[in-house]
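Once you've had a glance at the structure underneath, I'll fire off some questions.
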Amino acid sequence: MDSEISRIFALRDILNTHNHKYYVLNQPEISDREFDALMRELTDLEARHPEVDDPLSPSRRVGSDLTDGFRQVAHVYPMLSLGNTYSVDEVDDFLHRADNALAGQKVTVVGEMKFDGTSISLIYERGRLVRAVTRGDGEKGDDVTENVKTIKSIPLTLRGDGYPDMFEIRGEIVLPWKAFDRLNREREFNEEPLFANPRNAASGTLKLMNPAEVARRGLDAYFYYLLGENLPSDNHYDNMMAARSWGFKVSHVMTRLESIDEVDKFISYWDTERKKLPVATDGLVFKVNSLRQQLNLGFTAKSPRWAIAYKFAAERALTRLRFVSFEVGRMGIITPVANLEPVLLSGTIVKRASLHNEDIIKQLDIHEHDMLYVEKGGEIIPKITGVDEKARVEGEVPVSFVSHCPSCGTPLVRVEGEASWVCPNKYGCGPQIAGRIEHFVGRRAMNIDGIGEETVQQLIDADLIHNIADLYDLKVEDLEHLDRFGVRSARRLVEGVDQSRLVPFERVVFALSIPFVGETVAKKLARAVGDIDTLMSMDSIRLSAIDDIGPKIAEKVVEYFESPENREIIARLRAAGLQFAAESRESKGGSEALAGKTIVISGTFALHSRDNYKEMIELHGGKNAGSISKKTDFVLAGENMGPAKLEKAKALGIPVIDENEFLKMIGGE
Ligand code: AMP
Ligand code: ZN
């Protein structure tokens, strides 16, 4: 027993060290496999020894999907903003002012990257992370500790020694380019609105109520400011180096600069080098190094007088518009696309950029053959941000939006309250028909093997399919003689279609191409309604009563199922044997015994594992919660329930029951 417990402590140390090597130092020493094996060993041992449970164990980084909303917390030291400038001269002026104010003292400044994310304040006590708070209004922010704990480069417990008993460290939470691009690709696929830049994506992610989703998105954090009493050094730079030794990610860009000349060189170097960094940056920050000098310089109402931000001009290119084309998506939405003279921008050649919708064309007042400014937010979607009006050729007219579908010629309609024009010819417009079928067979929808974009078009051209239901009538004989087909590939396709009959209801709902119903919404709908008949019979009021389903989505769902074409397709899919009901709790041995109840599990159990109890709660209609609040209906407590939890339950008058009682409640032994 004792040796198992000491192994737990050893494993936590080992895993913390490897996390640090991997996420902070970028120097992994062991393979992912080896890491996973150690982690599994730890979680197994921890399951057996809840008495040494530690919420800061490296095994807890995965994030649970439970939060009770954010608490507001006052900052110990207000979080101010930084004075900023776009001009090198003004940075030089700032340095002169500091020099003058500090009459005759030698001034060293520290040059740093200005990371473009969202700021965070972390409080550590005795080497352990106790709280993470957003900037908020500068005086108080949101307590986002649970989300921050999922960020693997942030130490939950500190390494080394020499850290004060209690201190605050500030930094920037960022979403690295790679993770940002992946997230936006996913969202594009799900037809969810894209994040404009990594900053919005980082702050949006940090405010999610679902730490498991936060963990999945891949946030990172860089630290740049240490506050508190008894700091290790009397200067900023050495404090940051100490923080690095305790396990924080402190950027290697950070440099001590001794003269204006060095500052200017630092600026011109990083102006271009920053593009090689894995995260978005929007400038540099210069800080007076000595804490005593900082104190002497003091603060204005809004920002410190001992620091200044130098902002980079956004990266953009100027190029000529060749013509605007109009593309039809699977929902019939027409997207205007600027086709450009190829131009180099952040290392890639840009030829096309989305103009999004008519309003944007009007706002920018784009004329034919204008010179356009192109900027790059992420790596996937360059954006047109302006027009060089001086370069406009006389006589060119404003770009006009098409009035008819470029594909089928149907007059476009503008949906009230929306910026987009739509081709209403849903069932006769080529790109819409093909788009819906491609979406249906896609990996995240019905995942049908042996059919891709080209095959879909080929089958449409061969008059074999016109909608998703037709897929289920395809026979090997229809296919084997087609170009690029043989008996084998024909069989593979038919088998793939056949197997899709097992795809669960929630993915079927996603596959149907209901406007605004992406993967997440489909899941929520499917779980809430249970089966297709219920879904089809619901009006928008009942639909919008479902968690996270707004009136706009509700209306689209109703509209979708009102269409006779869609009803016929659904009838045929039903006849083909698709899953049109969620697997019921009853069929898995569940019940409604705990319907509507919110339950907190605490302590260790003799009869079943904690995870088993969690599953039982869900199976019988209850909801697991992580912490006790007024909303808790009861606490399921085993041995060694935490005293703080017990006290809180008592204070709020929440019943505490043991496992035998619980099992009786759900009709068990
Ligand atoms: P601004 O929001 O333009 O006033 O800039 C101030 C913000 O820059 C701070 O609140 C931080 O979130 C962020 N920032 C990014 N990198 C740094 C850095 N190295 N030092 C200080 N602040 C930084
Ligand atoms: Zn059309």
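How big is the Rg/Rh ratio for the range 472-604, C-alpha atoms only, Rh by Kirkwood, two decimals?
Here Rg/Rh amounts to 1.10.
Could you run the Karplus curve 6.51 cos²θ - 1.76 cosθ + 1.60 with θ = phi - 60° over the range 588-601 and give me ³J(HN,Hα) per residue in whole Hz, x for Gly and Pro?
Once θ is set to phi - 60°, the couplings for the range 588-601 become 9, x, x, 7, 9, 4, 10, 3, x, 8, 9, 10, 10, 9 Hz.
How much FRET efficiency would the formula 1/(1 + (r/R0)^6) give for THR255 and SER325, where r is the Cβ-Cβ distance and R0 is 45 Å, rounded to 0.05?
Step by step, r from the Cβ atoms, then E = 0.40.
Continuing with the same structure: Using the Cα atoms as the points, what is the convex hull volume per residue of the range 228-370 in Å³?
It comes to 218 Å³ per residue, whole-number rounded.
Tell me what the chain gives for mean residue ellipticity at 222 nm when only DSSP H runs of n ≥ 4 count, each as -39,500 (n - 2.57), the sum divided by the residue total, rounded to 500 deg cm²/dmol.
Theoretical 222 nm ellipticity from helices: -10500 deg cm²/dmol.
Here's a follow-up. I'd like the projected area of the range 152-213, averaged over all directions, using the convex hull of its alpha carbons. Report it in nm² with one decimal.
Mean projected area for the range 152-213: 5.8 nm², to one decimal.
Label 7 Å along Cα→Cβ of GLU592; the range 519-534 residues with amide nitrogen under 16 Å?
Output list for this probe position: 528-531, 534.
Please state, to two decimals, what the Cα-based radius of gyration of the range 441-493 comes to when divided by 2.2 N^0.38 Å (N = residues).
Ratio of Rg to 2.2 N^0.38 Å for the range 441-493: 1.04.
Compute the Rg to Rh ratio over the chain from the alpha carbon atoms, using the Kirkwood formula for Rh, and round to two decimal places.
The Rg/Rh ratio comes out at 1.01.
Using θ = phi - 60° and the Karplus curve 6.51 cos²θ - 1.76 cosθ + 1.60, what whole-Hz ³J(HN,Hα) does each residue of the range 545-561 get, with Gly and Pro shown as x?
Taking θ as phi minus 60°, the curve returns 7, 6, 3, 6, 9, x, x, 5, 5, 4, 4, 5, 5, 4, 4, 4, 7 Hz for the range 545-561.
With label points built 7 Å along Cα→Cβ from the Cα atoms of LEU208 and HIS404, find their separation and express it in nm.
Computed distance between label sites LEU208 and HIS404 equals 4.6 nm.
Rank HIS608, HIS481 by accessible area, highest first, at a 1.4 Å probe radius?
Putting HIS608, HIS481 in descending order of accessible area: HIS481, HIS608.
Related question: Once the convex hull of the alpha carbons of the range 551-638 is built, what does its volume come to per residue, in cubic angstrom?
Enclosed volume per residue, from the Cα hull, is 139 Å³.
Using just the alpha carbons, could you tell me how many Å³ per residue the convex hull of the range 298-441 encloses?
Measuring per residue, one finds 197 Å³ for the Cα hull of the range 298-441.
Compute, for SER81, the solvent-accessible surface of its heavy atoms (probe 1.4 Å) with the complete set of protein chains present, and express it in square angstrom to the nearest 10.
40 Å²
At a 1.4 Å probe, what is the % contribution of carbon and sulfur to the accessible area of the chain?
49 percent
So, one more: What spacing in nm lies between the two simple spin-label points modelled at ARG488 and GLN363, each 7 Å away from Cα in the Cβ direction?
Using points 7 Å along Cα→Cβ, the separation is 5.3 nm.
Under a 5 Å amide H to amide H cut-off, with H placed in plane at 1.01 Å, what residues pair with SER591 once short-range neighbours are removed?
For SER591, whose amide H was placed from the backbone, the distant partners under 5 Å are HIS620, GLY621.
Sum up the charges of everything whose Cβ sits under 10 Å from the Cβ of ILE120, counting Lys and Arg as +1 and Asp and Glu as -1, but leave ILE120 out.
Result for the local shell: +1.
Follow-up. Could you state how much accessible area GLU618 has, in square angstrom rounded to the nearest 10, with a 1.4 Å probe and all protein chains kept in place?
Surface accessible to solvent at GLU618 totals approximately 110 Å².
Provide the per-residue ³J(HN,Hα) series for the range 428-445, in order, calculated from phi with Karplus coefficients 6.51, -1.76, 1.60 and θ = phi - 60°, each as a whole number of Hz, with x at glycine and proline positions.
Residue by residue, the range 428-445 yields x, 9, x, x, 6, 4, 5, x, 5, 5, 4, 5, 4, 7, x, 4, 8, 9 Hz.
Turning to a different aspect of this structure: Any idea of the accessible area per residue across the chain, 1.4 Å probe, to the nearest Å²?
50 Å²
At a 1.4 Å probe radius, which order do GLU186, GLU615 fall into by accessible area, largest first?
Order by accessible area, largest first: GLU615, GLU186.
Also, I was wondering about something else. So, in Å, what gap is there between the alpha-carbon centers of the range 228-270 and the range 430-502?
When both Cα centres are located, 59 Å separates them.
Over the heavy atoms of ARG320, what accessible area does a 1.4 Å probe trace out, to the nearest 10 Å²?
Using a 1.4 Å probe on the heavy atoms, I get roughly 80 Å².
FRET efficiency for SER6 and ASP99, Cβ-Cβ distance as r, R0 = 51 Å, nearest 0.05?
With a Förster radius of 51 Å, E is 0.35.
To the nearest 0.05, how large is the calculated FRET efficiency for ASP271 and THR348 if R₀ is 22 Å and r is the Cβ-Cβ distance?
FRET efficiency, ASP271 to THR348: 0.70.
The values are calculated or read from the model by the stated rules, or taken from the named source; none is laboratory data. Because the structure is a prediction, the values reported are computed rather than measured. Methodologically, a virtual Cβ is constructed for each residue, glycine included, from the backbone with ideal geometry; neighbour enumeration extends over all protein chains shown. For accessibility, only protein heavy atoms count, side chains too; no ligands or nucleic acids. Shrake-Rupley method; radii C 1.70, N 1.55, O 1.52, S 1.80 Å.
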